[in-house]
Structure formats: C-alpha cells, structure tokens
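I have placed the structure first, in the form of structure tokens, so that the comments after it can refer back to it.
The values are calculated or read from the model by the stated rules, or taken from the named source; none is laboratory data. For clarity, every value in this text was computed on a predicted model and none was experimentally measured. Don't worry about glycine lacking a Cβ; one is built from the backbone with ideal geometry, like all the others, and counts go over all protein chains shown.
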Amino acid sequence: MSSVKSVSIAAVPRPYEGFSDQYISGRWRAGKFGTALIDTDPYTSNTLVEIPNADASDLDEAYRAAAHAQRLWAATAPHERAQVIARAAEIMKARHDEMLDWLISETGSTRAKAEIEWHFAVGITAEAATFPHRAEGRLLPSDAPGKESRAYRQPLGVVGVISPWNFPLYLTQRSVAPALALGNAVVIKPAGETPVTGGLLLAKIFEEAGLPAGLLNVVIGQVEEIGDAFTLHPVPRMISFTGSTRIGRRVGSLAMTAPQIKRVALELGGNAPLVVLDDADLEHAVRSAVVGRFLHQGQICMSSNRIIVDAKVHDAFVERFVAHVRTLKYGDPRDPAVSIGPVISQKQLTAHFATLKLAHDTGAKQLLGGEAQGLVLPPHVFVNVKNDSVFAQSEMFGPIAPIIKVSGDEEALRVANETEFGLSSAVFTQDQERGVRFALGIEAGMTHINDHSVDDSRSGPFGGEKNSGLGRFGGEWILHELTRDHWVTIQQNKGPYPF
C-alpha cells in the first residue's frame, strides 16, 4: 500500500500558522534547549516569531526519524514520489503572495528579489519532480564469460542541509526537493536569521503536499549546541552546505573526521569579476552591472563583487554607472519602487562600515555613498581601486561597488583570476567568440557572457572552483550528487579460479 497521502490544493489557501515550533518526525513541537530564537524583520525590527531552540536530543530524534522513514520512501514507486514533489510546486504557486510576504519580512528582500527567489524555488521543485524517472542504472559490458555486470543508482539515505540567510528559500529547496525526489530523507538546519523561509515554510509546504512523516525535519538551534553535531551525527550520509568559506572548511573537515565519512556539497564564498571589454555595449553593461552588484543589497554569493573595466571605456562606463545607481531608490522593501532594502543584521552593517573604511584606507575614491538609515545602507561606488587591496579581495556582501581599471584583455583576465574564489563571473563584449575565449580563461565554475554574474538554472551545473566550493547543483549534476552507484555482478557460469 502506498505511504503517500492524497491531498487537494485550495484555490485560495488559508495562510500557514504555527512557525514557533520545530518540525521533527512529522510533528510540530517546541525545542528542548530552554532558550528561544527571536526572528525579527530587518527593516522594522519587529519580532516575527519566537522559536524554542532545539538541543542535541532533538537533533538526534530528527535524524533517526529520517533514517526510519527513508527506507520505505526509497521503495516507493517513482511516480508517487514525483506526485508529491509536483504537488509541492503547485502549492508554492498557490501560496505565491504568502511566500513573498515572508521573504520580504524575514530577509529584507525587495519585492523584485523576492519574486526572483520564489521563481527559482518553484523552478527547481518542478525540475526535481522529473528526477524519480531519470535516476537510471546501466548494464555494463563484461569480459568474463557468462558474467553480467550492472550499475544501480540508489539514494544516499539521509541528507543534512545547512542553508544560509541570503536566498534561504531557494538555497534550501535546491537540495531538499531533489533529495526527496530521489528517495532520500532530509534534515534541515536553517540559518538563525531565516528559520521560516529557510526551513519551516518548506516543511509546511511538503506536509500539505502529503509527504510522509519523518522524511523532512527542521531543527533550529544554537551553533554551540547542534552546530558541529549536525555534521558529526552518524546518520547523515551527505551534508549539503551553503555559506561562507570559513564555515564550509569546518563542515568539510568534520565530515571527513566523523566516525562515518560523509559526502559534502559545499557552495561557499565568491568574489565574482564582471569584466567590461573595450567593445562592450556600455548601456547594456551598465544596467547589468548595477543589477549584478546591488540586487538584494549585494548579499548574494554570485554578486558582481569586482567590476573590471578596460581603460578605453572606463570613464564613460563610470559616468553612466554612477548616473544609473543614483536613480535607485532605497528604503522599505515593501515599496515596489525600492531597489535596495536593509541588510540582514546589525552585525552585517558593522562589517560594511569596516569595508568602507578599508576602501578609504587603501586609496579608493568614493563617487557615491550616504549614511545608513537603520539597516538600510545606500549604494556606494568606488573607483581607483587596486585589485590586490584587502578591499577588492573581500567578499563584500553589501551594496558597495568597486570599479577597477585595466588595459587590454590580458590584464583584465589576470585581474579577474587574482582571487582565492572562483564561483561566478561575467564578461561583456560584442564579439561573441572573443567572449567565449575570455570566459574559458576565467578560473570559475560559471561565466556569463553579456549578462551579470547572478544567474542560476534548474538544469545547469551550478558550482564553484578554488575556495568557492565542491560539487554541483542543478539538473543531472545534483541528481548524481544525491545518489550513489552500486555495482552488482551476476556470474552465470562456474568460471575457473586460480586456486
């Protein structure tokens, strides 16, 4: 008998309630740690929800519930798993406004950014619904007489997902939906700044979609209590982490030193170069660079962190860039006309003040700026930036744009590659083949020609090189990351043995 529940989707669903609990083993209940996480709106500072923190025993229960539920789920017919994931996508569409409200309230997203994130999340969910029928095995050639060789593709088991606060809905769902579709169970540890959009909201959606209890769990707690334990626990076979390079190194190290070695997918920091060559369409390059740098206040791992411009067009580009940035409205993210909302926290704002001081200390010239209003930092633009400065080499994660002047393609490429990171990148030129040659020289996992660096696709291989991480998300790549090959042979004859 099927374990999947039949559900109907209301045309105008009632808004979800009950985000003050953990979601463990199919039950909504309080965490046992004894303190509460207070989730606030970064623009208004209003409290959105208070969530009693989980302790180590809550985490253990979540992982063991996932391991128990996964065995039956892996044996469920592919079409039944596909139906649950497809229903989740439909629920997300029906709850579009509700989900956008949460993204704006909890993350400080502007409405435009919230729409982009919702679109990405629905897209990867729809893509994942195809995965149950795409996880194929193979019959392999064999040189041994009478011996059949097979490669089966099987789920890993339980996947632990640690997600960030900047694109929490999408960057969680891009691991969760494919993992569930392929027969795995999942435990999510969302960022403390975004427990709802990074975990609990998805739990509500999959619960409504009829996902059997125990397959998806969300634990919210202090790093000191469940941080390392989340990776060291013996149950998960893989940890999918998106966040800073510093913490990603620790997660990777713990995964290798745990009693049972685990796979890791690490999507880490970035310092994306956006290169404007001397034949670029400047109007298009300017508009793209502004979006690539200032979308979601620059709080994106793929954000165009360094804008590298050929000297022949530098002054014209800078003039147009500054003029366009001046038109950006900043303030309340609920205002549809606002392009730049608040940064996520006072901690991040303080870090941006330090970055601005670095810019001045290293000789950069400020062309645009302004005083912070609450957690809203107006856009800042700097020129005369040295690529080897601490300022340029930092992942800023804020609305600060450094522009670097170079002479010719060779210097542009060298400067683009002079970073410890290698996630995304972009190049602008009206010569497509020149653009491809340049792109293939960039040491990054992704390069976009005549578009900004903030791009993702449900079917493309998303991931980085160097200190930007390991593994790939999207399409066939995430399918292989979240499954394992099991080689099975069948000897039909009694073959000769050497002894």
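The set of residues in the stretch 419-437 being within 26 Å of T245 (Cα to Cα) and of a type outside the set (D, E) consists of T419, F421, G422, L423, S424, S425, A426, V427. Inclusion of S468 among residues that are of a type outside the set (A, V, I, L, M), within 30 Å of E433 (Cβ to Cβ) and at pLDDT 95 or above is warranted. The residue list V488, V454 contains one member that is within 18 Å of A272 (Cα to Cα) and not in a helix (DSSP H, G or I), which is V454.
Filtering the stretch 442-482 down to residues that are among the acidic types (D, E) and out of contact with any helix residue (DSSP H, G or I) (no Cβ under 7 Å at 6 or more places or on another chain), which residue is surrounded by the fewest Cβ atoms within 10 Å (Cβ to Cβ)?
E476
Listed by first and then second residue, the pairs with beta-carbon distance under 7 Å, at least 6 apart or on different chains, first residue in the stretch 157-177 and closer than 16 Å to D456 by Cα, second among the charged types (D, E, K, R), are F167/E117; L169/E117; Y170/E117.
Among the conditions (1) in a loop (DSSP other than H, G, I, E, B); (2) at pLDDT 95 or above, the only one that N305 does not satisfy is (1).
Would a scan of the stretch 195-218 turn up a residue that is of a type in the set (D, E) and part of a loop (DSSP other than H, G, I, E, B)?
There is no residue in the stretch 195-218 that is of a type in the set (D, E) and part of a loop (DSSP other than H, G, I, E, B).
Pairing residues of the stretch 209-236 that are in contact (Cβ under 8 Å) with a residue 24 or more places away in the chain with residues that are in a strand (DSSP E or B) and among the hydroxyl-bearing types (S, T, Y), at Cβ distances under 8 Å and at least 6 apart in sequence or on separate chains, gives L216/Y23; N217/Y23; V218/Y23.
Any idea how many residues of the stretch 464-478 are in a loop (DSSP other than H, G, I, E, B), over 10 Å from L423 (Cα atoms) and not basic (K, R)?
2
Within the set E80, E61, E98, E50, the sole residue that is closer than 22 Å to T231 by Cα, of a type in the set (D, E) and modelled with pLDDT of 95 or more turns out to be E61.
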